[in-house]
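See below for the structure under consideration.
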There are 2 protein chains.
Amino acid sequence: MDQHTENHAADSDDAPAAEPRLLAEEVVERLRDLIIQGELAPGVKLNERVLCERLRTSRTPVREAIKFLASEGLVELLPNRGAIVTPITAATVREMFVLLGALEALAGELACVNASDAEIAEIRALHYQMLAHHARGELSPYFRCNQQIHLQLIECAGNATLANTYRALNGHVRRARYMANLSQERWDHAVEEHQKILDALSRREGAVLAALLRSHLSNKMQVVLEALGEQMA
Amino acid sequence: MDQHTENHAADSDDAPAAEPRLLAEEVVERLRDLIIQGELAPGVKLNERVLCERLRTSRTPVREAIKFLASEGLVELLPNRGAIVTPITAATVREMFVLLGALEALAGELACVNASDAEIAEIRALHYQMLAHHARGELSPYFRCNQQIHLQLIECAGNATLANTYRALNGHVRRARYMANLSQERWDHAVEEHQKILDALSRREGAVLAALLRSHLSNKMQVVLEALGEQMA
DNA sequence: GGAGGGTATTATGCATACAAAATGTCTTAC
DNA sequence: GTAAGACATTTTGTATGCATAATACCCTCC
């Protein structure tokens with residue numbers, strides 16, 4: 001309610017009808033963040049009463065949010081026993097990265113056709129920003145930049161359905177990535193890959209870009225799986 | 001409540017711990033079917049009171065189901081104005097088929113590696129069943145068989161995450177396909193494509209199968225788009 | 001006669017109350 | 001001492017109530 005005023009200030013920009021925020025939606029986003037950032041760890045039970053107190057709301061929005069996130073796959077419903085944060089297994093991580101690889105490859109191909117020069121320039125800018133973080137050894141900002149690059153790439157594929165699907169899946173694996181501790185060697189290698197990716201995109205070589213992205217994702221998968229305590233080919 | 005007894009009868013089959021059906025889940029499935037089969041047409045408003053009467057329940061499960069389906073993308077939430085069945089546009093149909101193409105291509109590649117001979121045999125059986133329906137001009141059973149083949153193919157890729165993603169997207173496009181009226185020529189062509197698909201799968205030629213599936217999906221898209229009253233390349 | 005505004009009605013959003021299932025605890029019997 | 005059962009507590013699932021936003025309707029004014 002207190003934030004209402006500032007919202008209005010932002011609304012008067014150019015949006016004709018300001019969207020009224022739904023409490024359930026806020027709870028969805030807050031819960032999602034808690035889950036993705038691992039504050040609600042995989043496997044933990046979601047106690048409605050506790051969440052209500054934490055989020056300062058009643059059970060109805062919380063329950064609706066849980067149903068929403070269940071559809072998204074971030075939580076699992078146990079009939080008459082509530083819900084838990086979806087556990088992370090090596091198997092599901094592998095599945096997701098395979099899928100993400102295919103999605104990014106598709107996005108890459110589409111981006112080579114549909115991206116505007118301005119969009120590619122934006123990715124290049126993010127890339128150099130990322131290089132800076134890499135040079136300074138700033139891991140967390142590096143990850144943020146990295147994420148933004150991938151999201152921007154998806155975005156400029158010009159396929160909103162693809163983007164939505166990607167985002168949902170990406171949220172899942174980001175949970176796992178919070179555990180991953182990158183070695184310097186792997187980190188350097190990832191940056192090299194990103195350089196090649198940027199080059200292929202700049203030249204709009206769709207097939208090459210697709211292959212690079214698939215391989216890049218595969219390497220990311222290795223890192224995450226090793227962090228999960230299990231490695232395989 | 002009256003249905004409770006019959007449910008129990010079914011439970012005693014062989015399942016060790018019969019899962020207690022949740023009312024909200026039943027509503028999800030019932031609503032989803034109504035939407036996919038077009039009984040709740042794209043764009044129509046979901047009136048909670050009406051749905052409650054129709055599904056013989058209170059607003060709570062209905063609202064939770066709507067949130068669930070919103071996450072799935074089948075309904076759109078309009079804050080303070082309820083929800084509508086997500087409208088179908090040529091643009092989103094195109095997006096979804098492009099994505100489905102990539103997913104099926106991936107599934108095809110994986111299936112060529114992971115599918116058991118028994119699974120492929122099952123697909124072959126479904127294929128011949130489909131040929132029979134085609135020969136008799138039975139459109140609706142043909143579609144069912146066709147769906148089963150594609151689902152089975154996805155299934156034997158051995159990637160549950162991929163399967164889930166596919167199912168959700170497939171539900172969306174099936175809404176549109178209910179409008180599509182297949183010409184005999186296109187129908188014949190689709191059957192030919194399926195023959196090639198089966199052959200490639202039998203020979204476990206992943207790359208070939210992937211390409212075939214992509215092209216098959218692209219053709220399906222044409223049919224649906226034309227039925228939507230708009231054609232484009 | 002049409003447009004604008006104000007009121008009445010309806011529908012949604014959130015909170016809460018009630019019922020049933022699950023869980024935990026304590027007692028008792030062996 | 002342990003296991004089984006009954007009871008108490010907690011938690012979930014569903015229904016309902018209340019407040020507010022949106023809609024529809026009607027009346028007035030131009």
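The values are calculated or read from the model by the stated rules, or taken from the named source; none is laboratory data. Fair warning: this is a prediction, and the values are worked out from it, not measured in the lab. Every residue, glycine among them, receives a Cβ derived from its backbone with ideal geometry; neighbour counts consider all protein chains shown. Heads up: the accessible areas ignore ligands, DNA and RNA and are worked out on the full protein's heavy atoms, side chains in. Shrake-Rupley method; radii C 1.70, N 1.55, O 1.52, S 1.80 Å.
To the nearest 100 Å², how much accessible surface do chains B and A hide from each other in total, with a 1.4 Å probe? Mind dumping the intermediate values first?
Numbers: alone 13100 and 13070 Å², together 23560 Å².
Protein heavy atoms only, the B-A interface buries about 2600 Å².
Mind telling me which of B:Glu76, B:Glu39, B:Glu104 comes out most flexible in a GNM of chain B, alpha-carbon contacts under 10 Å?
Per the Cα network of chain B with a 10 Å cutoff, B:Glu39 tops the list.
For segment B:90-227, what's the relative contact order in percent, using C-alpha pairs closer than 8 Å and at least 6 residues apart?
Relative contact order, segment B:90-227: 45 percent.
Amide H to amide H, which residues 5 or more places from A:Leu40 or on other chains are under 5 Å from it, using H placed in the peptide plane?
A:Ile35
Of the residues B:Pro141, B:Pro20, B:Pro87, which exhibits the maximal mean-square fluctuation in a Gaussian network model of chain B defined by a 10 Å Cα contact cut-off?
Residue with maximal mean-square fluctuation among B:Pro141, B:Pro20, B:Pro87: B:Pro20.
Probe radius 1.4 Å, ligands and nucleic acids ignored: give me the carbon and sulfur share of the accessible area of the protein assembly as shown as a rounded percent.
Solvent-exposed carbon and sulfur of the protein assembly as shown make up 51 percent of the total.
Kindly provide the trypsin sites (Lys or Arg not before Pro) of segment B:34-65 that DSSP labels as loop, not H, G, I, E or B, and whose Cβ sees at most 11 other Cβ atoms within 10 Å.
On the way: sites: B:Lys45, B:Arg49, B:Arg54, B:Arg56, B:Arg59, B:Arg63; in loops: B:Arg56.
Those satisfying the criteria are B:Arg56.
Apply the a/c threshold of 1.5 to the C-alpha gyration tensor of chain A and tell me whether it is rounded, prolate or oblate.
Values: a/c = 1.96, a/b = 1.33, b/c = 1.48.
Judged from the Cα gyration tensor, chain A comes out oblate (a/c at least 1.5, b/c at or above a/b).
How large is ³J(HN,Hα) for each residue in segment B:102-112, as worked out from phi by the Karplus curve 6.51 cos²θ - 1.76 cosθ + 1.60 (θ = phi - 60°), to whole Hz, x for Gly and Pro?
Each residue's phi maps through the Karplus curve to give 5, 5, 5, 4, 4, 4, x, 4, 5, 4, 4 Hz.
Using a label position 7 Å from Cα in the Cα→Cβ direction, what is the ascending list of nm distances from A:Glu76 to the same site in the other copies?
Nearest to farthest, the other copies are at 3.5 nm.
Could you tell me what fraction of 2.2 N^0.38 Å the Cα radius of gyration of the protein assembly as shown comes to, as a two-decimal ratio? Spell out each step's value before the answer.
Working: Rg = 23.5 Å, N = 466, 2.2 N^0.38 = 22.7 Å.
Computed over Cα atoms of the protein assembly as shown, the ratio equals 1.04.
Please turn the phi angles of segment A:73-88 into ³J(HN,Hα) values with the Karplus equation 6.51 cos²θ - 1.76 cosθ + 1.60 (θ = phi - 60°), one per residue in order, whole Hz, x for glycine and proline.
x, 6, 10, 10, 8, 10, x, 6, 10, x, 8, 10, 5, 3, x, 9
Counting only C-alpha contacts under 8 Å and six or more residues apart, can you give the relative contact order of chain B as a whole percent? Can you show the working numbers first?
Working: 236 pairs, mean separation 54.0, N = 233.
Relative contact order for chain B comes out at 23 percent.
Report the closest approach of any chain A C-beta to the axis of the A-to-B rotation: residue and distance, in whole angstrom.
With distances in whole Å, chain A gives A:Ser71, 2.
Just to confirm a number: summing +1 for Lys and Arg and -1 for Asp and Glu over residues other than A:Arg124 whose beta-carbon lies under 12 angstrom from that of A:Arg124, what do you get?
Values: positive: none; negative: A:Asp117, A:Glu119, A:Glu122, A:Asp199.
Value of the local net charge: -4.
Taking chain A as a Gaussian network, where each spring joins two C-alpha atoms under 10 Å apart, which residue of A:Leu74, A:Leu103, A:Leu51 fluctuates the most?
A:Leu51
Whole-Hz Karplus ³J(HN,Hα) for segment A:55-71, in order, using 6.51 cos²θ - 1.76 cosθ + 1.60 and θ = phi - 60°, x for Gly and Pro?
Computed from phi, the couplings for segment A:55-71 are 9, 6, 8, 8, 6, 4, x, 4, 5, 5, 5, 4, 4, 4, 5, 5, 5 Hz.
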